[in-house]
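A quick write-up on the structure given underneath.
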Amino acid sequence: MNAIFNLFAILIGGYTVVNTLNLLLWSVGGLFGHADDVSIDSPPKTFRRILVLIPAYKEDTVIIDSVKANLKQTYPSDRYDLVVIADSFKAHTISELKQLPIKVVEVSFAVSSVSKALNAALMHFPVGSYDIAVVADADNHMAPDFLTRINAAFENGWRVVQGHRIAKNLNTSVAILDAISEEVNNHIFRKGHRAFGFSSTLIGSGMAFELPLLKKNLSQIQTIGGYDKDLEMRILQSKIPIGYLEDAFIFDEKVQTSGMFERQRTRWVESQINQARLHLVQGLREGINQNFDYVEKAIQTLALPRILLLGTITFSLIISLLLNKTWFAELMGVQLLLFLITLAIALPAYLRRLIGINELLMVPVLLFRFVRSVINFRQARGRFLHTTHGTDSEVIV
């Protein structure tokens with residue numbers, strides 16, 4: 001029995017050690033690295049034509065306010081267009097949208113997905129009609145200088161960039177914890193990666209591409225969920241780096257209930273498993289081609305989500321103490337300390353101040369929900385699990 005426990009402990013401990021040190025490395029790197037922002041103090045040589053694509057599925061509640069907010073850009077109004085890709089909208093919402101100075105593309109699918117909506121819309125905009133394509137979610141509000149900063153980055157030679165997605169709402173404990181997760185991701189997987197010369201990860205919205213590059217790669221994507229990760233890997237396979245603009249803010253509505261958290265994470269877990277299946281073997285081939293950017297992102301598909309890593313370390317520590325397994329308890333205790341240091345480094349002060357007893361008590365609840373999302377990840381296979389915006393009502397999955 002003792003030998004079986006030791007073998008199990010070595011396997012679990014080894015896996016969690018790799019995950020913990022991986023996060024700590026990128027987190028420390030984020031302290032000393034820099035993002036790819038370019039000064040916008042001087043007028044640019046060229047105001048590129050920018051197409052802002054907003055795929056939206058049953059987003060009648062938030063879409064009008066989002067469009068009005070996103071029209072408040074300091075970028076010249078004749079150099080960008082907002083396009084709402086309306087899937088399953090109510091007739092009165094479509095009518096109201098058409099009164100605004102935007103373009104509306106209506107779509108309908110047997111099984112909806114963001115990639116299908118984007119591909120359908122891009123058929124209306126041939127190569128040459130715009131220089132840059134920005135993708136935003138229906139609930140996103142771009143900061144007034146967002147497009148100006150995107151244009152400056154492209155003038156500096158970037159072909160793909162990820163903006164700084166930040167929480168729009170902090171009205172519940174779940175929203176605060178979701179905002180914390182988002183900002184930790186920004187520090188580790190965007191700023192931290194750039195510090196070591198690796199590409200930023202894409203996150204599904206607030207990202208910008210050369211239009212021909214987006215059309216070419218997006219047309220090859222068939223996945224229902226996680227299209228942004230598939231898109232990212234295709235771009236990296238072409239050895240095109242992805243920049244990160246820390247000062248280009250786009251405000252995103254965070255999930256407000258534990259039920260919606262579970263629904264969203266179910267979709268994310270299925271996507272990560274699918275990406276591992278699609279890209280791990282190719283990652284080995286790309287290593288031969290010295291495409292280490294691709295290799296690193298492929299390996300990241302094997303990483304344990306942070307809340308599961310925290311749960312695994314904590315549970316293992318408790319079990320080892322109960323069984324008086326001192327060496328394993330010490331290993332997990334050190335890992336827990338390093339994990340907390342990693343979060344402390346990556347977490348902005350304004351969010352750290354919001355953590356109270358309610359947020360701490362919510363962590364085990366969200367851990368339970370995440371475990372359920374892992375168990376039920378097949379629910380997202382071949383289905384579009386939509387995350388409802390503009391409501392704080394509980395969603396039971």
Legend entry - Output for the range 223-259, where each listed residue is aromatic (Phe, Trp, Tyr) and either over 16 Å from the mean Cα position of the chain (by Cα) or modelled with pLDDT of 95 or more (or both): Tyr244, Phe249, Phe251
Inset, instruction - Would you point out the residue of the range 181-194, among those that are of a type in the set (A, V, I, L, M, F, W, C) and either surrounded by fewer than 23 Cβ atoms within 10 Å (Cβ to Cβ) or under 10 Å from the mean Cα position of the chain (by Cα) (or both), that is farthest from Arg353 (Cα to Cα)? - result: Phe189
Legend entry - Residue identified as under 30 Å from Val184 (Cα atoms) and either among the aromatic types (Phe, Trp, Tyr) or surrounded by fewer than 20 Cβ atoms within 10 Å (Cβ to Cβ) (or both) among Val18, Val111: Val18
Inset, instruction - Output the residue which, of all residues in the range 123-154 that are part of a strand (DSSP E or B) and of a type in the set (Val, Ile, Thr), is surrounded by the most Cβ atoms within 10 Å (Cβ to Cβ). - result: Val134
Inset, instruction - Give the range 1-37 a look and list any residue that's part of a loop (DSSP other than H, G, I, E, B) and in contact (Cβ under 8 Å) with a residue 40 or more places away in the chain, or say none. - result: Gly33, His34, Ala35, Asp36, Asp37
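Each row is one residue, and each column tells you yes or no for (1) in contact with a helix residue (DSSP H, G or I) (Cβ under 6 Å, 6 or more places away or on another chain); (2) over 27 Å from Leu11 (Cα atoms); (3) at pLDDT 95 or above.
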| site | (1), (2), (3) |
| --- | --- |
| Phe339 | yes, no, yes |
| Ile357 | no, yes, yes |
| Phe377 | yes, no, no |
| Gly382 | no, yes, no |
Inset, instruction - Output the number of the condition that Ile345 fails; it satisfies all remaining conditions of (1) without any contact (Cβ under 8 Å) to a residue 12 or more places away in the chain; (2) farther than 18 Å from Pro364 by Cα. - result: (1)
Legend entry - Selection count, the range 99-122, where residues are at pLDDT below 95 and in a loop (DSSP other than H, G, I, E, B): 6
Inset, instruction - Only one of these is surrounded by fewer than 19 Cβ atoms within 10 Å (Cβ to Cβ), assigned by TED's automatic domain parsing to the domain that holds Ala208, more than 25 Å from Phe154 (Cα to Cα) and not polar (S, T, N, Q): Lys116, Lys58. Name it. - result: Lys58
Legend entry - Selection status of Ala175, touching a residue at least 40 places away in the same chain (Cβ under 8 Å) and within 28 Å of Pro126 (Cα to Cα): no
Inset, instruction - State whether the residues of the range 95-104 include one that is closer than 25 Å to Pro212 by Cβ and surrounded by 23 or more Cβ atoms within 10 Å (Cβ to Cβ). - result: no
Legend entry - the range 272-306, residues that are among the hydrophobic types (A, V, I, L, M, F, W, C), within 17 Å of Ile203 (Cα to Cα) and crowded, with 19+ Cβ neighbours inside 10 Å: Ala298
Inset, instruction - Please state which of the following conditions Gly157 fails to meet, knowing it meets all the rest: (1) outside any helix (DSSP H, G or I); (2) at negative phi. - result: (2)
Inset, instruction - Return the only residue of Ile85, Ile40 being in contact (Cβ under 8 Å) with a residue 12 or more places away in the chain, among the hydrophobic types (A, V, I, L, M, F, W, C) and in a strand (DSSP E or B). - result: Ile85
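The values are calculated or read from the model by the stated rules, or taken from the named source; none is laboratory data. From a predicted model like this one, the values you see are computed outputs, not experimental measurements. In this analysis, Cβ positions are derived from the backbone assuming ideal geometry, glycine residues included, and neighbour counts consider all displayed protein chains.
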